[in-house]
Amino acid sequence: MARGWLDLNVTTYVLLRPGTDPAAFAAKIRDVPQKYGGDYLREWGSEYRLGIEPLSRIYLHSEAGNWLGPKGDIDDVLLLLSVGLFLLAIAGTNFVNLATALSLGRAREVGIRKVAGSSRRLLVRQFLGESFMTCLLAAILACGLAALALPLFNGLAARSYGLGDLFSPAIGLVMAGLVVIVTLLAGLYPALFLSSFRPVEILRGRFSSSGRGLALRRILVVTQFVISSLLIAATLTAAKQLRYMRARDLGFDAEQVLVLDARRVKSEVLSGRLLPFLDRLAAHPGVESSASLGAVPGRNGWRGQISFPEGWPEGRSLSLEYAPAGYGFERVLGLEIVAGRSFDPARPADASTAVVINEAAVKEAGWGSPEAALGKGFASPGSGKPEGVVIGVVADYHHHGLQERIQSMMFGHRDANGYVALRLDGSDADAVLGHARRVWADLFPGYAMASFFLDEDFESQYGTETRLMCVFGVFSLLTVFIAGLGLFGLASFSVTLRVREIGVRKVFGATVAGVARLLAIDFLKLVVLAFLISAPVSYILMTRWLRDFAYRTSVGAGTLLLNGIVLVLLAIAAVGARVVRAALADPAENLRHE
């Protein structure tokens with residue numbers, strides 16, 4: 001059990017007595033490490049303060065590690081919530097759009113009901129009741145579809161929810177509340193709209209030729225396509241950033257590198273058997289080189305280590321990431337040595353006094369160039385690490401994902417480390433893996449061997465971005481489909497209102513192509529307007545999202561233009577058939593009907 005005041009690698013959980021003020025408790029313990037470890041901290045040139053946070057915030061809100069289990073991310077929750085609300089908003093506006101567009105078909109019904117003595121209040125109640133039944137049925141179907149889609153959602157969100165989580169009482173209350181809210185928000189306007197019809201106008205047939213509510217329906221369609229455009233832009237940007245990260249030169253060679261994880265082996269067992277283990281692995285013809293490492297790319301070394309570069313003022317320190325490494329680590333990882341050399345087994349002093357640093361450490365230390373850094377020293381305030389004389393400098397590489405900037409790194413020699421990396425010749429990886437298992441079972445009996453390929457493991461750092469792209473992609477398809485239904489409804493309603501106009505134009509010689517173009521332009525204008533509204537918003541939101549990456553692509557005009565092209569093509573697909581059918585209609589039939 002760790003008992004030191006300066007054991008920085010542990011998290012302490014404290015159960016406060018009932019009635020204890022957390023703020024007062026935090027104030028009392030804040031300076032305890034300074035009080036009991038002050039001399040040591042002053043040698044480090046640093047300060048150490050304690051802080052507390054509620055246990056309920058650890059899973060979603062804490063930036064510190066959660067030693068009780070896995071951590072979630074409040075940003076992921078807010079993202080899924082936002083996308084869900086977007087979908088709900090689009091569906092709601094589409095419901096209003098289609099309900100009011102169908103008003104022509106129900107106008108005579110409303111007129112007869114009013115003539116028969118029905119009040120507006122009764123009509124509003126009737127139409128709200130119909131909206132409620134529609135929403136209730138939709139909620140039931142949604143629960144069934146959600147149960148079927150739960151495995152897909154778990155895959156997208158990297159979670160393992162079950163049916164019990166989906167049908168919990170809390171979810172039931174949320175669904176019930178949504179049914180009521182959506183009924184009121186989406187059903188109230190159609191109810192008021194339909195109940196406001198004047199029976200005299202309706203029964204005389206005047207209402208059927210009016211364009212009542214057309215402006216509102218256009219606004220709703222524009223709103224839907226604005227939201228759809230935002231999600232499409234988000235999908236395109238996430239995909240572009242993911243391609244950028246995968247295509248960028250990482251500065252090391254992750255291909256054909258097999259890593260064996262020996263961190264669970266007891267240190268005394270590992271230190272006594274690791275060198276024979278490496279020798280037996282290297283004897284396999286499929287292994288080009290091997291080395292032990294304290295950290296491989298994509299896995300943390302000792303981050304935040306304090307060291308004093310030579311030539312710096314007393315008390316001023318540099319923070320870097322320290323990684324113990326065995327002989328030949330640079331060959332296995334494919335690192336480029338830009339100055340000096342790596343650890344040499346023929347030089348015994350390297351094992352205790354030499355270090356290798358990266359170019360970022362040279363720059364941060366202010367030593368001018370990699371060549372100038374050779375022979376310079378680092379001093380440690382602690383037990384000898386991280387310190388030593390610089391014998392070599394490796395070119396900067398991305399030890400972590402492109403979400404982070406390349407930080408200062410130092411490699412110190414140690415024979416026995418938790419990771420064993422093997423560079424394979426690419427001929428038969430399965431044979432090497434089988435050989436490694438046999439040697440492992442011989443030298444480390446009782447310990448399970450874990451292994452992974454370095455390129456696949458490093459790629460896992462982009463899991464959040466991959467899931468984000470998939471989530472946006474799936475929901476973009478849903479929103480575009482719903483928005484397309486709304487545009488189709490508007491097209492049907494608009495064409496119905498313009499039946500006489502279409503017939504007259506064709507009688508006077510208008511061609512089918514001319515009529516179709518006239519009708520289509522009206523709807524394309526709405527989509528173009530939606531794009532013009534969404535483009536600057538998309539640019540701002542996606543630019544802000546990309547700021548979370550130290551190395552990033554840009555939104556760019558090409559992304560926005562592609563977004564606009566997709567919207568136009570989707571609009572054409574949504575209304576094309578209805579417009580062409582109206583243009584092909586017999587004008588005599590249309591005018592006779594009118």
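The values are calculated or read from the model by the stated rules, or taken from the named source; none is laboratory data. Keep in mind that this is a model prediction, so the values were computed, not measured. Here the Cβ is made from the backbone with ideal geometry for all residues, glycine too, and neighbour counts use every protein chain on show.
If I filter the range 139-154 for residues that are of a type in the set (A, V, I, L, M, F, W, C) and modelled with pLDDT under 85, do I get at least one hit?
yes
For the structure I just gave you, tell me whether Gly368 is surrounded by fewer than 15 Cβ atoms within 10 Å (Cβ to Cβ), more than 30 Å from Ala238 (Cα to Cα) and without any contact (Cβ under 8 Å) to a residue 24 or more places away in the chain.
When the stated conditions are applied, Gly368 passes them.
Among Tyr447, Tyr397, which is the only one that is surrounded by 15 or more Cβ atoms within 10 Å (Cβ to Cβ), within 24 Å of Ser267 (Cβ to Cβ) and not acidic (Asp, Glu)?
Exactly one residue qualifies, and that residue is Tyr447.
For Phe411, indicate whether it is under 19 Å from Leu335 (Cβ atoms), of a type in the set (Phe, Trp, Tyr) and either modelled with pLDDT of 95 or more or in contact with a Lys or Arg (Cβ under 6 Å, 6 or more places away or on another chain) (or both).
yes
Looking only at the range 239-255, which residues are touching a residue at least 40 places away in the same chain (Cβ under 8 Å) and either in contact with an Asp or Glu (Cβ under 6 Å, 6 or more places away or on another chain) or within 19 Å of His399 (Cβ to Cβ) (or both)?
Leu242, Tyr244, Met245, Arg246, Arg248, Leu250, Gly251, Phe252, Asp253, Ala254, Glu255
Among the residues of the range 288-300, is any among the charged types (D, E, K, R), more than 37 Å from the chain's Cα centre (by Cα) and closer than 23 Å to Arg423 by Cα?
Yes.
Looking at the range 146-165, which of its residues are farther than 15 Å from Val471 by Cα, polar (S, T, N, Q) and not in a loop (DSSP other than H, G, I, E, B)?
Correct list: empty.
Are any of the residues in the range 482-497 surrounded by 19 or more Cβ atoms within 10 Å (Cβ to Cβ) and over 19 Å from Ile219 (Cα atoms)?
The answer is no, given that none of the residues of the range 482-497 is surrounded by 19 or more Cβ atoms within 10 Å (Cβ to Cβ) and over 19 Å from Ile219 (Cα atoms).
Among the numbered criteria (1) outside any helix (DSSP H, G or I); (2) on the phi < 0 side of the Ramachandran plot; (3) touching a residue at least 60 places away in the same chain (Cβ under 8 Å), which single criterion is violated by Ala510?
(3)
Pairs, please: C-beta under 7 Å, at least 6 apart or cross-chain, first residue in contact (Cβ under 8 Å) with a residue 24 or more places away in the chain and among the hydroxyl-bearing types (Ser, Thr, Tyr) and in the range 310-331, second part of a helix (DSSP H, G or I) and crowded, with 16+ Cβ neighbours inside 10 Å?
Close Cβ pairs satisfying both conditions: Ser317/Trp44.
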